Amino acid sequence: MRESAGCGNVILEGLHSSDTWAKLIRPMSFRIYLPLLGLILATTLPIYAKDPGTEKHGVAVGQNLSASVVRIEVTDQEADYASPWNAGHIGGGIGSGFVIIAPGGKKRILTNAHVVSNARFMTLTRERLSHPYTAHVEFIAHDSDLALLSVDDPAFFEGTTPLELGGVPLIESGVSVYGYPLGGERLSVTRGVVSKIDFDLYTHSGVDSHLVIQIDAAINPGNSGGPVLQDGKVVGVAFQGYSGDVAQNVGFMIPIPVIERFLKDLSKGSYTGYTDLSITFRPLLSVTSRRALGLQDDDRGILVTDVQEKGSSHGFLQKGDVLLSIDGHPIASNGRVELDGQSIDMTEVVEQKFEGDKVRFGILREGKPLEVEFTLQGTWPFKMQGNAYDEKPRYLLHGGLLFQPLDRNFLNADSTADLRIKRAFEDFVEKHLYLERPEIVVLSRVLADPVNKECDGLRPGIVDTINGRKIRSLADVAAALDQPARYDVVILEGIGVPIVLRREEVMKANPRIMQTYGVPSPRNL
Amino acid sequence: MKRFLSIFGSTLFAFSLLLTACQKKKISTSVPNDLGSSVLRITSTIQYPDNRRPWLKKQPFTRSGLGTIIGGGRLLVTADMVAHACYIELEKPEDGPKSTAVVEAIDEECNLAVLKPVEPEVLKGTHPLPLDSMITPGSTINILQLEPNGAPALSPAVVTTVAVMPYSSDGGAYLLYRASTTIPQREGSFVIPALHDGKLTGLVMRYDPRTQSAEIIPAPLIARFLKESGKPGYSGLARAGLTYGEARGRTLRAWLGLPKEMTGVYITSITPGGPAEKAGLRKGDLIVRAGGKEIDGEGNYSDPQLGKINFSNLATLESSVGDKGEIVFFRSTGEGAGTLGTATLTLEGRNPLAEISPARLQGDSVPYIFLGGLLFQELSRPYLREWGGNWKTDAPQNLVALDTFQEDLTKDQKRLVIISAILPSPQTIGLQELAHKVVAAINGMPIHGLADVSKAVKQPQNGFQRIDLEGSAGPVYLDAATLESEEARLRNQFGIPAKPSP
């Protein structure tokens, strides 16, 4: 069983969380953990604030969190992208969640997406409840690691107290973290202060960065999804931490602005997600750059260095534009904007918007001031670069040749991936490869069989053409191979010999290969 | 030529000779006293250039080995022994006059070099060794070392393999003798000769004490190198300018339409402007015969003495640059049919201009241009190797990819200029993340080499040097007027010596 708390690296850079960190999020076998629990339980008995004047930390006087914080036990099944036909490894984990009033007035459980991703079965328990209740995911946001659960039997909510959402706490103010870390059946609480409020990577998707609040209260596996309270109100959802080897007393929570945006987004009946400007920009800190671009000496403006054709800004912003203001707010030369007395990143202004909302920029184009306004939309093609959940891996098996679309889940499963494949993954966005093809298809493996055993040129690689047809998606592979042909000729990118199979032999070999390797279906498109 | 895959893995590249001290073996063969008169001790002081701080050289270090005296008052050593040497000293085995030496010819690809002593007295009383002819597996040879007192010592060896193998991890595969032997650790053995019937049969370039296996450059290859390197404008042994892949599978052959009794290799790439391209060969052609020999599906021909040998040997060892060779090729016309054709190839040496990221740099200094805090260099493999043994994962990945997949780059691309370092200054604030990016253009001029950089910076636009980078990085601006003074200040601050302008 895995204790979910998403121990992971939270780094400021763009799209990648380093692979070595991903290893820290290893499933910890509950069975191995059990002997330690006895020790741990003895020291972390639930603490309820009883004394009046237990002021600003966690709860209000008399508030009983055991009526609000739940323990979520999940059985999940993680797909195996290295053997994509397999249903996946069945595992499980424990996380926390809490009762809120969702948009529409109903009681729901708020927790992290990573607690309930790939779930096949989940139960909720809380103190003073005699038996677990089944629940299921109603809305899930992989781009901000939040999920809303509904409980099948409404009796679960009898005697529960929904928690109220607060605001953004001040730096150095006290907070308390409630949850069920390290297993255990009793609510646990840890205390700390707000250390830092910043924009940072959410490791669940690995590509999305939003506001994150760092606190020094202990956040451990099992705390994920649990509430962080100040003055009796929720100020965040605990979700990420660091392994003790790297940093101590560093825990992270999802702050109210992100939570509120999640709730507002789903209130229309479905969750759409974040929008994106889909541009690359650079601060303009050097005086020379500013002069060269014709900027005044007012320390404002950032430089647009790339615009994605399939993004929101295409047709409105151009490479070389200097962004001077967003929605009327001046943008400083380091990309910060003053909003409500706070200095925030320019991208945070966009963060609060929804699909279909407009954004207005004051820009300088070739020395001339201009105003542009456009509508915001979602974040494809970045999606391919983020971790994906709750989906069955797509693939096609033909003559033992395994074709898969290149995405982050595939790369995570194949740590020895070819350099060309790894570069294509980066270049998909960086070099706008998505324009020529919506998917990069990879020949990832060959299941050895007489039909392919003496094939020359077999190697993992990116598929260029099959039977003369340019391959731009997995569907193209199926289309090419579903056409009648005497030979199947696969040409990979780079230097190599064509891979040639005889169709008649492949047709005979396919059932044989499926039986030998236990492949239930030759394709999932 | 053919790119060898991982079958010739990293176990080959044990560069340190003689790591473990073994017991002194009793050598059964009697050692003729005059063997010591055919070698000189060589000590070379080597200073590699620093590719990341190109105004510097690295720490000098010494290598000692034996140079074999060949005809014409010359000494034969491996290129490893003297590449980037700033001082080479020769000495007779049993004391006596010393001399410095100069490198007369060197080829790092086939790892051979010829030295000429500056003071000829050091050769007094020495006897040159003649070159042996080809030997076959099973032959017994002797490896010569010198004791500290100058007495010669022999270790017997048995040749186990004669085949074409990579000489280094940077390409270049040539005929090689592998011999099974136990070579005791002795000082001054970085390169030592292998003898057979009183002749020089090869130079030992590597010995792995774990596998007790020596890799020896064969005398016939040495003879070819001596012949070729003597010609003006020598730039490497003969080659055809193509890479190939095996074509053994019967389905591939049937699809191509290759007749059943015919075998050959599949041309996977053609070097632009190289001999194969000039001869009209194309990617996808199958080479069926080369130089009159039949080629099998793995790329071997049948040598009467050695058996199956990779056909690149026909060019590198058996031909001269400029020789013409006839290639019979099969060109598929689709639908399981094709035609045979003949092409006449004129073999050429290495063309450094054809390499977008060269495996080696010419000369001892690394070219660079320093401009107002930005350091411009051309991408090369030696630059990437500065990231150490794991450079393939540790060096900037965009550059590793460009180096690894340079055949994917267009024909027009000559060299890739990168910003290899950014020294902090008021003009370069906020630009640190742009290090290791490739320069696309300067002041509007496309950049295909450092020479283009020199030209482009002479034409600033509106008082600025505008440097456009590839990808999504955006332009960099430098103030043209203050460039020189900025540079002088930074040179002073970081200890970078001034260079004469190119």
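Some notes on this structure:
- q = 0.05, 0.10, 0.13 Å⁻¹, chain A: log10 I(q)/I(0) [Debye, one scatterer per Cα]: -0.24, -0.89, -1.25
- Inter-chain shielding of A:279-287 (mean C-beta neighbours from other protein chains, 10 Å cut-off): 5
- Ellipsoid fit via the Cα gyration tensor, the range A:218-316: semi-axes of 37, 22, 14 Å, each the root of five times an eigenvalue, largest first.
- Spacing of the modelled spin labels on B:Ser365 and A:Thr134, each 7 Å from Cα toward Cβ, amounts to 7.9 nm.
- Placing +1 on the Cβ of every Lys and Arg and -1 on the Cβ of every Asp and Glu, with no other charges, gives the range A:117-176 a dipole of roughly 200 debye about its Cα centre.
- Percent of Cα pairs in the range A:236-287 per distance bin of 10 Å, from zero to the largest separation: 18, 25, 29, 24, 3.
- The simple Förster model, with R0 at 45 Å and r as the Cβ-Cβ distance, assigns A:Arg512 and B:Leu409 a FRET efficiency of 0.60.
- Between amide H atoms placed 1.01 Å from N, distances below 5 Å from A:Ala238 occur with A:Gly225, A:Gly226, A:Val228, A:Ile254, all of them 5 or more places distant or on a separate chain.
- Residues of type aspartates and glutamates that A:Lys107 reaches as a straight line, Cα spacing below 13 Å, ignoring anything fewer than 8 places off in the same chain: A:Glu138, A:Asp152, A:Asp153, A:Glu158, A:Glu164
- Take the convex hull of the alpha carbons in the range B:99-218; its mean projected area over all directions comes to 8.1 nm².
- Residue order, fewest to most beta carbons within 10 Å, for B:Trp387, A:Trp85: B:Trp387, A:Trp85
- Filter on A:Lys431/B:Lys392; B:Lys231/B:Lys455; A:Lys470/B:Lys260; A:Lys470/B:Lys455; A:Lys319/A:Lys358 - keep pairs with C-alpha separation over 32 Å: B:Lys231/B:Lys455; A:Lys470/B:Lys455
- Segment A:Glu78-A:Val287, extension gain: residue separation times 0.36 nm, minus the distance between their alpha carbons: 70.1 nm
- Per residue of B:400-407, other chain Cβ atoms within 10 Å of the residue Cβ number 3 on average.
- B:Asn149 versus B:Tyr234: modelled label distance in nm, points set 7 Å from Cα along the beta carbon direction: 3.9 nm
- Surrounding net charge for A:Phe98, when Lys and Arg each add one and Asp and Glu each subtract one, Cβ distance under 14 Å: +3
- The relative contact order of chain A comes to 12 percent, based on Cα pairs under 8 Å that sit 6 or more residues apart.
- Evaluated on the range A:276-422, the Kirkwood hydrodynamic radius is 17.7 Å, with distances taken between all distinct Cα atoms.
- In nm, spacing of pseudo-spin labels at B:Ala451 and B:Ala337 (7 Å Cα→C-beta vector): 4.9 nm
- Label zone of B:Glu261 (point 7 Å out along Cα→Cβ, amide N under 17 Å): in the range B:333-358 this covers B:340.
- By the equivalent-ellipsoid construction on the alpha carbon gyration tensor, the range B:279-356 comes out with semi-axes of 22, 19, 11 Å, ordered largest to smallest.
- Shown here: chain B, whose C-alpha atoms stretch 80, 69, 39 Å along the first, second and third principal axes, sorted largest to smallest.
- Test item: Cα-centred dipole of the protein assembly as shown, Lys/Arg +1 and Asp/Glu -1 on Cβ, debye: 2040 debye
- Normalised alpha carbon radius of gyration of the range A:393-474 [divisor 2.2 N^0.38 Å]: 1.10
- Taking every alpha-carbon pair within the protein assembly as shown, the share separated by more than 58 Å comes to 27 percent.
- Its DSSP H runs of at least 4 residues, each contributing -39,500 (n - 2.57), put the calculated 222 nm mean residue ellipticity of the protein assembly as shown at -4000 deg cm²/dmol, to the nearest 500.
- Were the residues from B:Phe61 through B:Arg250 laid out at 0.36 nm apart, the gain over their Cα-Cα distance would be 62.6 nm.
- Projecting the Cα atoms of A:Gln248, A:Val258, A:Asn510 onto the charge dipole of chain A (Cβ charges, centred on the Cα centre) puts A:Asn510 farthest toward the positive pole.
- When the Cα positions of B:Tyr266, B:Ile295, B:Gln305 are compared along the charge dipole of the range B:237-305, B:Tyr266 comes out farthest toward the positive end, with charges on each C-beta of Lys, Arg, Asp and Glu.
- Extension gain (nm, one decimal) between A:Lys470 and A:His329, 0.36 nm per residue minus Cα-Cα: 46.0 nm
- Distance between the range A:354-378 and the range A:454-516 - C-alpha centres, whole angstrom: 46 Å
- The range B:397-445, relative contact order [Cα under 8 Å, separation at least 6], %: 35 percent
- B:Glu277-A:Arg459 FRET efficiency (beta carbon distance; Förster radius 30 Å; 0.05 resolution): 0.75
- Comparing B:Ile496, B:Leu399, B:Val328 along the charge dipole axis of chain B, the residue lying farthest to the positive side is B:Val328, per the Cβ-charge model.
- At R0 = 41 Å, FRET efficiency that the Cβ-Cβ distance of A:Lys319 and B:Val158 yields, to 0.05: 0.05
- Seen from a random direction on average, the alpha-carbon convex hull of the range B:377-465 projects onto 6.7 square nanometres.
- The charge dipole of the range B:264-354, taken about its Cα centre with unit charges on the Cβ of Lys, Arg, Asp and Glu (plus for the first two, minus for the last two), comes to roughly 200 debye.
- Contact order normalised by residue count of the range A:259-353, Cα under 8 Å, 6+ apart, percent: 26 percent
- Per-residue shielding of B:242-253, expressed as the average number of other chain Cβ atoms within 10 Å of the residue Cβ, stands at 5.
- Taking every alpha-carbon pair within the range B:339-430, the share separated by more than 16 Å comes to 65 percent.
- Look at A:Met507, B:Met205 and count the other Cβ atoms within 10 Å of each Cβ; fewest to most, that gives A:Met507, B:Met205.
- Percentage, to the nearest whole number, of Cα pairs in the range A:323-383 over 19 Å apart: 36 percent
- Expressed in Å, the radius of gyration and Dmax of the Cα atoms of the range B:56-123 are 12.1, 38.
- Span-like helix criteria (full DSSP H runs; alpha carbon extent of at least 18 Å along the helix axis; mean Kyte-Doolittle hydropathy of at least 1.6) are satisfied in chain A by A:30-43.
Quick note: the coordinates plus some simple rules give every number you see, no bench work behind them. Keep in mind that this is a model prediction, so the values were computed, not measured. With ideal geometry, Cβ positions are generated from the backbone for all residues, glycine too; neighbour counts draw on all protein chains shown.
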